[in-house]
1. Could you state the angle between the C-alpha long axis of helix 153-164 and the longest principal axis of the C-alpha atoms of the chain, as a value from 0 to 90 degrees rounded to the nearest 10?
2. Could you check the simple spin-label distance between residue 15 and residue 315, using points 7 Å along Cα→Cβ, in nm with one decimal?
3. Could you calculate the FRET efficiency of residue 202 with residue 70 from 1/(1 + (r/R0)^6), where r is the beta carbon distance between them and R0 is 41 Å, rounded to 0.05?
4. Can you bin the chain into rounded, prolate or oblate? Criterion: square roots of the alpha carbon gyration tensor eigenvalues sorted a ≥ b ≥ c, rounded for a/c under 1.5, prolate for a/b above b/c, oblate for the rest.
5. Would you mind classifying region 260-344 by shape? Square roots of the alpha carbon gyration tensor eigenvalues, ordered a ≥ b ≥ c; an a/c under 1.5 is rounded, otherwise it is prolate if a/b is larger than b/c and oblate if not.
6. Would you please put 97-110, 180-193 in order of how densely packed they are, using the mean number of other Cβ atoms within 10 angstrom per residue and starting with the highest?
7. If I stretch the segment between residue 258 and residue 103 completely, what's the gain in nm (0.36 nm per residue apart, minus their alpha carbon distance), one decimal?
8. By per-residue mean of other Cβ atoms within 10 Å, what is the highest-first order of 286-293, 144-151, 261-268?
Ligand code: NAD
Ligand code: ZN
Ligand code: ZN
């Protein structure tokens, strides 16, 4: 085993990532070392590299929280996984395990949570340090590149749909049909919901149709709230906003049916105005949703292992990361780019 690895590092916010040769880290007691096979590129990685959010990562850092790989070494005392296992190193890198949120399987909001590719180095590197208690266990016949998007885009859209509490036969509106949304459409259909897909790009909407969406609305043309209200006969019982655009949030509340729930998962920096009277008088719930628990992860992966959900992926080498970020920023990635660590 060589002693160095390639990694794409954010050295300054809003500047291209720097491809570096770094020492392969050694797992401390309780940690594992994962040899990366694949890592999806999430829009969150772009927010991280731009320093978009109030809580900023400490520079320099290696982004990536959809890393899939093989356990290559164990730190002292590790029993939860063994060498050779295929695992995913997700956004929820670790949590305390004993606070009120951890006890309630709400570990993403643990005050001591660490986030992969954000507060600790992530998967844009040939090796990743991970906490074996929080890795995703990749089902045997899921191929690593196809599994990568599931451990963030998949779990987040799946959990977000659950949080809408929409029931089989009801309407869900999914706004933003990119990495998260194209999986959300598939989860929603597998859960028996009718999907109305909203995006600003005709190509993304055509893709939603191919995936089984019952209706599509282009938010750039006409009044998308009226269009959704008409299609769904009064708004979505559930609405899931994945779009990294503030305009989509205000529209999402307007697309929600009376007594419906609008779940926010997209994270563009900033705030959006809430139509207070409409929310109160229509008894609308607005709730945030942040990835999911380890139980949600296992469920999200099981849908894919059962053939009900499949990520559409484009493979690129790690060295292409800056070009991929550029495309992601401009909405030019069809669904999800996955970095392929066999490519150079
Ligand atoms: P993406 O770039 O792959 O997809 C975004 C999609 O939104 C694109 O299809 C784009 O065309 C569409 N879009 C842009 N503006 C729109 C608008 N006004 N209305 C409707 N659609 C619009 O991004 P992604 O990787 O799917 O991530 C989406 C967002 O979700 C990001 O902000 C990311 O940080 C966030 N995210 C949140 C969580 C969480 O736990 N809450 C997890 C992962 C990602
Ligand atoms: Zn993500
Ligand atoms: Zn905790």
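1. 40 degrees
2. 3.3 nm
3. Numbers: r = 40 Å, r/R0 = 0.97.
E(calc), rounded to 0.05, equals 0.55.
4. The shape class here is prolate.
5. On the way: a/c = 3.15, a/b = 1.60, b/c = 1.97.
The shape class here is oblate.
6. 180-193, 97-110
7. Between residue 258 and residue 103, full extension yields an extra 52.5 nm.
8. Sorting 286-293, 144-151, 261-268 by mean packing, highest first, produces 144-151, 261-268, 286-293.
Laboratory data are not the source of any read-out in this text; all were calculated from the coordinates shown. None of these values were measured; they are calculated from a predicted model. We place every Cβ from the backbone using ideal geometry, glycine too, and count neighbours over all the protein chains shown.
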